[in-house]
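This report refers to the structure that appears directly beneath it.
The values are calculated or read from the model by the stated rules, or taken from the named source; none is laboratory data. Everything numeric here is computed off the predicted structure, so don't read it as measured data. Heads up, the Cβs are rebuilt from the backbone with ideal geometry, glycines too, and the neighbour counts pull from every protein chain shown. We work out accessible area using only protein heavy atoms, side chains counted, and drop any ligands, DNA or RNA first. Shrake-Rupley method; radii C 1.70, N 1.55, O 1.52, S 1.80 Å.
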Amino acid sequence: MAAVDFHDGVNKGVAPVTYGAGSRPPRGDYAKARADYTCEQAWAQYTPADHDTYRRLYTRQLQQLPGLACDEFIAAVQQLGTPDRIPRFDEVSERLMKATGWQIVGVPGLIPEEAFFALLAARKFPVTDWIRTPDEFDYVVEPDVFHDLFGHVPLLFNPVFADYMQAYGAGGLKASRLDAAELLARLYWYTVEFGLIATPQGLRAYGAGILSSAGELRHSVTAAAAERVAFDLKRLMRTRYKIDTYQATYFVIDSFDQLFEATAPDFTPLYREVRERIAQHGEIDAGQVLPGERRFSAGPLPPAPRG
Ligand code: PHE
Ligand code: CO
C-alpha cells in the first residue's frame, strides 16, 4: 500500500510512497470510500479473469521465494489462503487479528498520507481492492491487490514487524506536523518496500515491493550491479530512491528487532540533523556509495524454479 496526496482531485504524486504516479488521476472508485478512505471489498464483482490473474501472479512468485525471501515471509504466506482466487479480506483479517492484532481494510487505491498513517497507527493495513489487467501482468504503476496482499500482509503476521508498522503510522502523523513526511517516506521505501535482511543463510528480501515483483526479487539479492549497504537511519534519510526502475541501493538490516529499536527514539532531533547534513553535504544519489562504507556482496543465484 502506498499513500499519495490529493489536491482538487488531482493526484500530485508527492506522498511518502508513490509508484511513479504523475498527473494521471488514480484508477480506483473513490466515490465508494468512507471518510477514512476505506471501502467494502466487492468480492462478488471480481471476474473469473481477475481470480486467474491473482492465481498466476501468486504461483509465479511463490516458486521464486526459496533462497530469496526471508523465512518469516515464507512461513506466513500461506496465511493468505488458497492461491486459486483473490482472498476475502475478512477471512485474512480474522487470522491476522489472532496472530498480531492487525486487520486489513479495503481501499480504492492510493490514499492521502494522513489517512494512510492514521490507519497504520490503528493497526489497520489498507489493501487496494482491484487487480491489474492481464496486460499489466509484469508491471503495474499503482499498487494493486496482489502487491498489497502478497507483498505486505505476510510480514504483518510477525509480531516485531507488526509493531514496527504501527509505530511507523504514529511516526507519520508526527512527521506531518514537523513537515518531515518526505524524509520519513524514505524509511518506508527502503525498509517496508525494498528492505533486505542478512541471515545466517545469506541475504534475503523482506520488502513488499521486492517480494511482489517478478524480476526485482532475484535482482535485489543476487545482481552484482546493485549496491547493498548496512541499515543506517541518517544515511538512509539522505538517500534518493528510484520509482521507475529496480533500486540501485538496498539497505540491509540484521533483524527486525534491530529495525524496531533503531527507529524507536523520537525522530524530532533526527529530522533536524538530517536536514542540516543535507544542507551541508547534499543528498546521496541512489547507487552512490560513501567512502569507507561496508558493502554486502550479492548472494548466489538459487536454482531456477521448475514448473
Ligand atoms: N520513533 C519515531 C518518531 O518519534 C516514530 C517511528 C517509529 C517512525 C518507527 C518510523 C518507524 O518519530
Ligand atoms: Co507497498
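Gly282: more than 22 Å from Ala167 (Cα to Cα) and open to solvent by less than 50 Å² (accessible area, probe 1.4 Å), yes or no? It would help to see each step written out before you state the result.
Numbers: more than 22 Å from Ala167 (Cα to Cα): yes; open to solvent by less than 50 Å² (accessible area, probe 1.4 Å): yes.
Yes; evaluated as a whole, the condition is true for this residue.
Within segment 1-39, being modelled with pLDDT of 50 or more and surrounded by fewer than 14 Cβ atoms within 10 Å (Cβ to Cβ) holds for Gly22, Ser23, Arg24, Pro25, Asp29, Ala31, Lys32, Arg34, Ala35.
Return yes or no: is Asp144 without any contact (Cβ under 8 Å) to a residue 40 or more places away in the chain, more than 16 Å from ligand 1 (Cβ to nearest atom) and in contact with a Phe, Trp or Tyr (Cβ under 7 Å, 6 or more places away or on another chain)? It is true that Asp144 is without any contact (Cβ under 8 Å) to a residue 40 or more places away in the chain, more than 16 Å from ligand 1 (Cβ to nearest atom) and in contact with a Phe, Trp or Tyr (Cβ under 7 Å, 6 or more places away or on another chain). Annotation: of all residues in segment 154-164 being in contact with a Phe, Trp or Tyr (Cβ under 7 Å, 6 or more places away or on another chain) and of a type in the set (A, V, I, L, M, F, W, C), the one that is surrounded by the most Cβ atoms within 10 Å (Cβ to Cβ) is Leu155.
Considering every residue within segment 239-251, establish whether at least one is in a helix (DSSP H, G or I) and either away from ligand 2 (no atom under 16 Å from the Cβ) or open to solvent by less than 20 Å² (accessible area, probe 1.4 Å) (or both). Full working, then the answer.
As a first pass, look at segment 239-251 and keep what is in a helix (DSSP H, G or I): none.
No.
Only one entry in Glu261, Glu227, Glu182 is closer than 23 Å to Arg277 by Cβ, free of Cβ contacts under 8 Å to residues at least 24 places away in the same chain and either more than 13 Å from ligand 1 (Cβ to nearest atom) or surrounded by fewer than 23 Cβ atoms within 10 Å (Cβ to Cβ) (or both), namely Glu261.
Table: residues versus (1) over 28 Å from Leu57 (Cα atoms); (2) at pLDDT 95 or above; (3) of a type outside the set (Asp, Glu).
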residue	(1), (2), (3)
Ala175	yes, yes, yes
Tyr188	no, yes, yes
Phe194	no, yes, yes
Glu227	no, yes, no
Lys242	no, no, yes
Gln247	no, yes, yes
Gln288	yes, yes, yes
